[in-house]
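Visitor: Below are the structure tokens for one structure; questions will follow.
The values are calculated or read from the model by the stated rules, or taken from the named source; none is laboratory data. These numbers were taken from a predicted model, which means no experiment stands behind them. Virtual Cβ from ideal backbone geometry, glycine too; neighbours counted across all protein chains shown. Heads up: the accessible areas ignore ligands, DNA and RNA and are worked out on the full protein's heavy atoms, side chains in. Shrake-Rupley method; radii C 1.70, N 1.55, O 1.52, S 1.80 Å.
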Amino acid sequence: MGNNVVDLSASREKAKHRKKEEHFSSLQKRLEKALPTEETDPKKKLLNIFKKKK
């Protein structure tokens, strides 16, 4: 008889992390559609969203 030990908490953490990443990517796509920009750098793109427009 082998030692088949499954770490449920690790599996839950992986699933939780994967779900968060999927949610983040869906939010990112929604923001891209709402505020399309030519900027490629994600940090600059985010800063441009919050800058005051003249």
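Visitor: Keeping to the range 1-20, report how many residues are surrounded by fewer than 10 Cβ atoms within 10 Å (Cβ to Cβ) and acidic (D, E).
Guide: The total comes to 1.
Visitor: Might you let me know whether the range 26-44 holds any residue that is modelled with pLDDT under 85, acidic (D, E) and open to solvent by less than 70 Å² (accessible area, probe 1.4 Å)?
Guide: Within the range 26-44, one or more residues are modelled with pLDDT under 85, acidic (D, E) and open to solvent by less than 70 Å² (accessible area, probe 1.4 Å).
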